[in-house]
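Notes for the one structure printed next.
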Amino acid sequence: RTMARVEVIRDLEFEERVPVEVVSRQEYQSDRSPGGTSTSATYEAWNNQVWEALLLVSEDQNVSDAFGTVYGSSVQGFYSPSKDEIVLVSDSETPTVDTRTLAHELVHALQDQHYTLSGGASTQDGQLAEDGLIEGDANFVEDRYDERCGSGWTCLDEPSSGGSGTPDDFNFGVFLTVFTPYAEGPDLVDELVARGGGDWDRVNAAYDAIPQSTEQVIHPEKYPDDEP
């Protein structure tokens, strides 16, 4: 049902079904958190310097650990292109499905089936800009899904959170950096839908012309002409 509703909102059809698994947050933190490993000691040393230069981690911190804590505490679900599956993370003792999060991740599956999700950006700002389109698209659909749940659609109740709160070592600077595409991206998608007269053609075309900077995401009027 959620797949069908996403197709209605996004005006795009799935080419194949997507398997879904629901796990507890404890299981996710122990087995699946994406923040923990790096490609090499050289890369990790370099990456630590990048985030230290941004004044977001201190000299005695490892940014990989910071990412592990941020993702482990805040991720509600994710889509794995390599496995072509969705994993939802539940905070309740008995794992349950949050259909709004499921709708968000189903958009990522749609994107993977129809578009190329890597624009090959060589800078962190470019990568965040690309994420702004990808996550903005998914969040925009999730918001519209939520609106329809309040007026016309019968939807499952959102699961109550059973989380233990924010860990003491939670790095809000790192969190806000990775959260920016989710927060600012929907405005870019909203702008593109408006330019298209209410249809999704401009959004679809944007996957062939990925935003080049977070400035273009935060200020949608600068996309695509105002290059960095």
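Per the conditions (1) in contact (Cβ under 8 Å) with a residue 12 or more places away in the chain; (2) more than 17 Å from the chain's Cα centre (by Cα), the sole criterion not satisfied by Ser74 is (2). When Thr99, Thr154, Thr69 are checked against the criterion of being more than 17 Å from Val189 (Cβ to Cβ) and open to solvent by 40 Å² or more (accessible area, probe 1.4 Å), a single residue qualifies: Thr154. Checked against the criterion of being assigned to a helix (DSSP H, G or I), at pLDDT 90 or above and under 28 Å from Tyr115 (Cβ atoms), region 82-95 has no qualifying residue.
Residues Asp137, Asp112, Asp143: which one is assigned to a helix (DSSP H, G or I) and within 25 Å of Glu227 (Cα to Cα)? None of the other options fit; the residue is Asp137.
The residue pairs whose first member lies in region 177-195 and is under 15 Å from Ser213 (Cβ atoms), whose second member is among the acidic types (Asp, Glu) and buried (at least 17 other Cβ atoms within 10 Å of the Cβ), and whose beta carbons are closer than 7 Å, counting only pairs six or more residues apart or on different chains, are Pro181/Asp131; Pro181/Glu135; Gly185/Glu135. Residues considered: Asp169, Asp199, Asp226, Asp187. Of these, the only one that is open to solvent by 80 Å² or more (accessible area, probe 1.4 Å), part of a loop (DSSP other than H, G, I, E, B) and of a type in the set (D, E, K, R) is Asp169.
On the basis of being surrounded by fewer than 17 Cβ atoms within 10 Å (Cβ to Cβ), within 17 Å of the chain's Cα centre (by Cα) and in a loop (DSSP other than H, G, I, E, B), does Ser58 make the cut? Answer is no for this residue.
Does at least one position in region 116-131 carry a residue that is assigned to a helix (DSSP H, G or I) and among the aliphatic types (A, V, I, L, M)? Within region 116-131, one or more residues are assigned to a helix (DSSP H, G or I) and among the aliphatic types (A, V, I, L, M).
Every test in (1) in contact with a Ser or Thr (Cβ under 7 Å, 6 or more places away or on another chain); (2) free of Cβ contacts under 8 Å to residues at least 12 places away in the same chain is passed by Leu128 save one, and that test is (2).
The values are calculated or read from the model by the stated rules, or taken from the named source; none is laboratory data. Note that this is a predicted model, so its numbers are computed, not measured. When we count neighbours, we look across all protein chains shown, and the Cβ atoms used for this are built from the backbone with ideal geometry, even at glycine. Just so you know, the surface numbers come from the protein's heavy atoms only, side chains and all, with ligands and any DNA or RNA stripped out. Shrake-Rupley method; radii C 1.70, N 1.55, O 1.52, S 1.80 Å.
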